[in-house]
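Each remark here refers to the structure printed beneath this line.
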Amino acid sequence: MQTVISIILVIGVIIFVHELGHLIVAKRAGILCREFAIGFGPKLFSFRKGETLYTIRLLPLGGYVRMAGEDPEMVQIKTGHDVGLQFNAEGKVTKIILNRKKKLSHTETLNVQRIDLEHDLFIEGYNAEEELVRYEVDREAVLVYDNQEMLIAPYDRQFGSKTLGQRAATIFAGPLANFILAFVLFTGLALSFGVPSEEPIIGDVLPGSVAEEAGLEQGDRILAINQKAMDSWDELVRTIMHNPGRELVFVVERNNEEFELTITPAVREHELESGEQIGFIGVHQHVEHSVLGAFVYGFNYMVELSTLIFKVIGMLFTGAVGLDALAGPVGIFDFTGQAAQAGLPILLRWTAALSVNLAILNLLPIPALDGGRLLFLALEAVRGRPIDPQKEGLAHFIGFALLMLLILVVTWNDIQRVFFN
C-alpha cells in the first residue's frame, strides 16, 4: 500500500506541477481556463473555483488545461433554437439557458435569429409576443445546457487572441515548471544531506568494511593509488572498481601528514552486466554543507541530467539504442515502487529525474506535445500568419495517435521486462 501511494503521489505531483505551469501563465495572460485536469477519462472528483473546474480523472497518464478557443465550444446556439434568458439590473443577458432535461426559471424565452458571443456580444430573436428584439450579452454571461453551466468566452479571453509571445509562454510554462520542480528537489536534497564533493576525500566508512579494516577514516584525502595521483572522486572510484581483489597501495593525507595503507578491494558481481566483477572498499563520498553550494549543485545536476537525456534521445533517433531502452507507464510505476522502497531521498531524486524527463519529452517538436505546439507558433512567426487550424488539428491528432502507439509498444516491453524477464 505504501508503494502504491508513493506511485500515485510521485506521478500526480509531476503532472500537477506541469499543468499548474500552464494554468498560471494562461490566467496571467487573461485566457479563460475552463478546466484543470489531472488524468484522462471519467471524472472521479471535481470542484469549481472561480471560472475554472478542477478535476481528477480515472487514467493517471497525463493531464490538461482546457483553454477557451483551443477547441470548438461544446455548446453552440444556432438560428431557430429556443432559449431562456436571465438579465442583470442593467438589462444585459447574464444567463442563456438551452435546457432539455429540466426547466429552469428565466425572465424571457427567445427564438434565436442571430447571436454573437465572441465579438459584439448580442443575441437577437423573437420573444413570446413574436417581436424581434435584441439584447446585449454580459461579458461574464453563463450558458446553461442540460443543467451544466459554462462561461461564454469573448474573443479577447480566448487562447488564439493573445500575442505570439503570450501563447508561446503559456505552452512553455508546463515544461518550465517541471524543470523548476527538479531544481527545487535536487537543491532541497543537497541542503538536507550535503553536496557531494568532487575531491578524493573519504566520507562515511561502513562498519566491517575493507576500508575500516585497513584503517581509513572519515576525512582522509587519497593522494595516490599505486603511485598514480588521484585528482577527483570519480577517478578514485574507477580505480577501485577496476581492481577487484588486487592489492592497492593508497597514499593518504590525514591532519597534514602523509602515510601509506595497503587495501585489497572486495569483489562483487556487477548489478547491470552479469558476470562482470567490480571492486569496492565500503566508503561513501564526502559531502559539504553550503547553501550556495546546494543551489549550484541543484542547477548543475539538473543540467547534467538534461544533457544525458538529450544524448539518449539522439541515440534513439540514430538507432544506437532500441525502443526496448524506453520505459512506459508500467516501467515508470515499477521503478517508482523500487525507489519508494529504497527510502525517501531516493524517491525524491527519482521524482526530480522523472520531472526533467517529462519536461524534455514535452519539448520535442512532435505534434500533440508542447514542443509540437511551439513549432507551429514558430512557423506562424516565420509566415506572419497562423497555420490553418484544421491542418494543425489534424497534425496534432496524428501525433497523438502515434504517441499512443508508441506507449503501447513500450508498455508491452515493460510487461515483458517486469513480469517475465
ask   = What percent do you get for the relative contact order of segment 197-287 when only Cα pairs under 8 Å and 6+ apart count?
value = 36
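Please give the peptides 58-65, 29-36 ranked by average Cβ packing (other Cβ atoms within 10 Å per residue), highest first, as a rough proxy for protection. Mind dumping the intermediate values first?
On the way: 58-65: 17.0, 29-36: 19.8.
Put in order of decreasing packing, that is 29-36, 58-65.
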ask   = To the nearest 10 degrees, how steeply does helix 164-193 sit against the main Cα axis of the chain, on a 0 to 90 scale?
value = 30
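Compute, for the chain, the length of the dipole vector about the Cα centre, with Cβ point charges of +1 (Lys, Arg) and -1 (Asp, Glu) only. Units Debye, rounded to 20. Kindly include the intermediate steps, with their values, before the conclusion.
Working: 34 positive and 50 negative charges, 331 e Å.
Result for the chain is approximately 1580 debye, rounded to the nearest 20.
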task = Set Lys and Arg Cβ to +1 and Asp and Glu Cβ to -1, take the dipole of the chain about its Cα centre, and tell me which of Asn147, Gln416, Gly331 lies farthest positive.
result = Asn147
key: Compactness of the chain - radius of gyration and Dmax, Cα, Å   = 30.0, 106
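Hey, what did segment 81-152 get for relative contact order, percent, Cα under 8 Å, at least 6 apart? Present the calculation step by step, with values, prior to reporting the outcome.
On the way: 157 pairs, mean separation 22.7, N = 72.
Relative contact order of segment 81-152: 31 percent.
Nearest 500 deg cm²/dmol is fine: what mean residue ellipticity at 222 nm does the chain get from its DSSP H runs of n ≥ 4 alone, each adding -39,500 (n - 2.57), divided by its residue count? Before the final figure, lay out each step's value.
Values: 9 runs with 174 residues, N = 421.
Calculated mean residue ellipticity at 222 nm is -14000 deg cm²/dmol.
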task = Please label the shape of segment 197-287 as rounded, prolate or oblate, based on the square roots a ≥ b ≥ c of the eigenvalues of the alpha-carbon gyration tensor (a/c under 1.5 means rounded; beyond that, a/b larger than b/c means prolate, else oblate).
result = prolate
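Using Stokes-Einstein with the Kirkwood hydrodynamic radius over Cα pairs, what translational diffusion coefficient do you get for segment 291-420 at 20 °C and a viscosity of 1.002 mPa s, in µm²/s rounded to a whole number? Write down the numbers at each step before the final one.
Working: Rh = 17.1 Å.
Translational diffusion coefficient: 126 µm²/s.
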ask   = Nearest 20 debye, what's the magnitude of the dipole of segment 29-160 about its Cα centre given +1 on Lys and Arg Cβ and -1 on Asp and Glu Cβ?
value = 820
query = For Glu257 and Phe397 in the same chain, what is the full-extension length gain: residue separation times 0.36 nm, less their Cα-Cα distance, in nm?
reply = 43.5 nm
Cα-centred dipole magnitude for segment 81-152, charges only on beta-carbon of K, R (+1) and D, E (-1), debye, nearest 20 = 400
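Since every read-out is calculated from the coordinates, none of them should be taken as a lab result. Please read all numbers here as calculations on a predicted model, not as lab measurements. With ideal geometry, Cβ positions are generated from the backbone for all residues, glycine too; neighbour counts draw on all protein chains shown.
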